[in-house]
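Structure first, commentary second.
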Amino acid sequence: MANQEVLELIQASQESGVTVEQLRKDIARGLLRGKKIGRKFLVSRKDLNSYLGLENKDEVLELQLENEKLRNKLKGYEIQFQAFKGLLKTLTNVADI
């Protein structure tokens, strides 16, 4: 873990959404590389990202960008849906006249 960003399990838990208890269990199982120093477990940023399936910051940024694109696309579809819904209501009113 030399020359790498090192996190305590509480930090790793907050960033990953995985409980501290689960991280400890996965270290014991060998699923996550970590080191116990005194009473604290430490994990490297690289090992945490690998454990989470995120190999590097570029990949994380790409996933965030893709997520944002999909959210924007969904908003566009929601707007289109509302427009079609309004059009259908208008056509229904015209047909009733």
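Between Lys36, Lys69, which is under 23 Å from Leu7 (Cα atoms) and either surrounded by 10 or more Cβ atoms within 10 Å (Cβ to Cβ) or touching a strand residue (DSSP E or B) at 6+ places or on another chain (Cβ under 7 Å) (or both)?
Working: Lys69 fails: under 23 Å from Leu7 (Cα atoms).
On inspection, the qualifying residue turns out to be Lys36.
Evaluating Leu54 against the criteria (1) at pLDDT 95 or above; (2) not in a strand (DSSP E or B) leaves one unmet condition, (1).
Here Glu78 qualifies as acidic (Asp, Glu) and at pLDDT 95 or above. Within region 12-33, the residues that satisfy the criterion of being surrounded by fewer than 15 Cβ atoms within 10 Å (Cβ to Cβ) and within 16 Å of the chain's Cα centre (by Cα) are Gln14, Glu15, Gly17, Thr19.
The values are calculated or read from the model by the stated rules, or taken from the named source; none is laboratory data. Remember, it's a predicted structure, so these values are computed and weren't measured experimentally. Neighbour counts are summed over all protein chains in view; Cβ atoms, including those assigned to glycine, are modelled from backbone coordinates with ideal geometry.
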